[in-house]
Amino acid sequence: MNHALHFLSPAKARPRADERARARRLTHRDLPALLDLEHEKWNDVQAASQEQLRERIDTHPDLAIGAFCAQSGRLLASLFLRPVADDFHRSAHTWEDCTLLPAPRTTSTLFGISLTSRDQAGVLALFEFIWPYALKRGWRHIYLGSPLPGLRDWMDAHPKGRVENYVYAQRRGLPIDPQLRYYGSRGFAKIVSIKRNYFPHERSLDYGVLLRRTVPLSVFGPLWAAVSLATVKRVTRPLIALL
Ligand SMILES: CC(C)(COP(=O)(O)OP(=O)(O)OC[C@H]1O[C@@H](n2cnc3c(N)ncnc32)[C@H](O)[C@@H]1OP(=O)(O)O)[C@@H](O)C(=O)NCCC(=O)NCCS
């Protein structure tokens, strides 16, 4: 191991945050399970088709990840990412824009095309899997587009309210929207942009919010480029589990 990294490597590795789920890259063999999860968690308009899922896997196979139950092998969660320009959020208005923008050769930014989960352990495993790889590849920021599932009800109760007021509204220091609260608790706390007609989502009145998370430990960028992925994993796993 690179000597400069010794200070980051505790003597004994702690157990992983959750051993119930294992993450790995997705393949075409996972398509039936992916479709099943899509239709459980998204409605018919929102759910990706088999062709779309296949294309996501083919286009960025390293960024198509699934988390599976360690006992049964059942798919628990999926995550599809793609590289985008660092300032993509200025020109992209809709979710579709974000998925179609050219993928630059070099960038420090990833966009989450989709995160879908039926078990929180799956989401934990997905991110534990992606962080070391993102560090090795020099990606520093991940963006996700969140729906605002509480917006429609809030607007009914506040007919003169502005969407911005809802997005930034907090109760006891946390966003009042349940999904913003959820993402905030998982490190996606930075609200970068509010997008109208982002994605068909009735309860969100089709609004979406682009959220950003900095890849944990990416502040040591050049160090990760200098060592193998196996070393990055070994060094970061116990630290990331603490974040
Ligand atoms: C958002 C999602 C990925 C979270 O998955 P998860 O880590 O397994 O977590 P859960 O679904 O158990 O939700 C965790 C908590 O956040 C809340 N939450 C998350 N999304 C919510 C939503 N859209 N509406 C209301 N509450 C939501 C849940 O109520 C839950 O609260 P609880 O712990 O008090 O029960 C999953 O709910 C999902 O696939 N949703 C549909 C697709 C989606 O919206 N994806 C994100 C946009 S890309």
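Annotations for the structure displayed:
- Taking a point 7 Å from the Cα of Asp153 along the Cα-to-Cβ direction, the residues of region 188-227 with backbone N closer than 12 Å to it are 203-204.
- Rh (Kirkwood; distinct C-alpha pairs) - region 30-146, Å: 14.7 Å
- Amide H partners (placed H, <5 Å) of Ala70, local residues excluded: Ala21, Arg22
- For Val209, the residues whose modelled amide H falls within less than 5 Å of its own, excluding neighbours fewer than 5 places apart on the same chain, are Ser146, Lys195.
- Here the Gaussian network model covers the chain, with springs between Cα atoms less than 10 Å apart; of Phe68, Phe220, Phe127, Phe220 fluctuates the most.
- Of all accessible heavy-atom area on the chain, the percent that carbon and sulfur account for (1.4 Å): 51 percent
- Within a straight-line Cα-Cα reach of under 24 Å, Lys136 can be paired with the following lysines, leaving aside sequence neighbours fewer than 8 residues apart in one chain: Lys12, Lys190, Lys233.
- Computed from backbone phi with θ = phi - 60° and the Karplus coefficients 6.51, -1.76 and 1.60, the 3J(HN,Hα) list for region 216-224 is x, 6, 6, 4, 8, x, x, 4, 5 Hz; x is used for glycine and proline.
- Set against the 2.2 N^0.38 Å expectation for a compact globular protein, region 141-243 has a Cα radius of gyration ratio of 1.36.
- Nitroxide proxy distance, nm - points 7 Å out along Cα→Cβ at Arg140 and Thr27: 3.6 nm
- Rounded to the nearest Hz, the phi-derived 3J(HN,Hα) couplings of region 196-211 under the Karplus curve 6.51 cos²θ - 1.76 cosθ + 1.60 (θ = phi - 60°) are 7, 6, 6, 7, x, 7, 3, 5, 9, 6, 6, 7, x, 10, 7, 10, where x marks glycine and proline.
- Gained length - Thr214 relative to Leu35, 0.36 nm times residue gap less alpha-carbon distance: 61.5 nm
- If you bin all the Cα-Cα distances of the chain at 10 Å, starting from zero, the percentages per bin are 7, 29, 36, 21, 6, 1, 0.
- Helices in the chain, meaning DSSP H runs of at least 4 residues, each add -39500 (n - 2.57). Divided by all residues, the mean residue ellipticity at 222 nm is -10000 deg cm²/dmol.
- Gyration tensor (alpha-carbon) shape descriptor, region 129-189, a/c threshold 1.5: prolate
- Alpha carbon centroid spacing (whole Å) that separates region 59-85 from region 184-227: 17 Å
The values are calculated or read from the model by the stated rules, or taken from the named source; none is laboratory data. In this text the structure is predicted, and so the values were computed from the model without any measurement. As a convention, Cβ positions derive from the backbone with ideal geometry for all residues, glycine included, and neighbour counts pool all protein chains shown. Heads up: the accessible areas ignore ligands, DNA and RNA and are worked out on the full protein's heavy atoms, side chains in. Shrake-Rupley method; radii C 1.70, N 1.55, O 1.52, S 1.80 Å.
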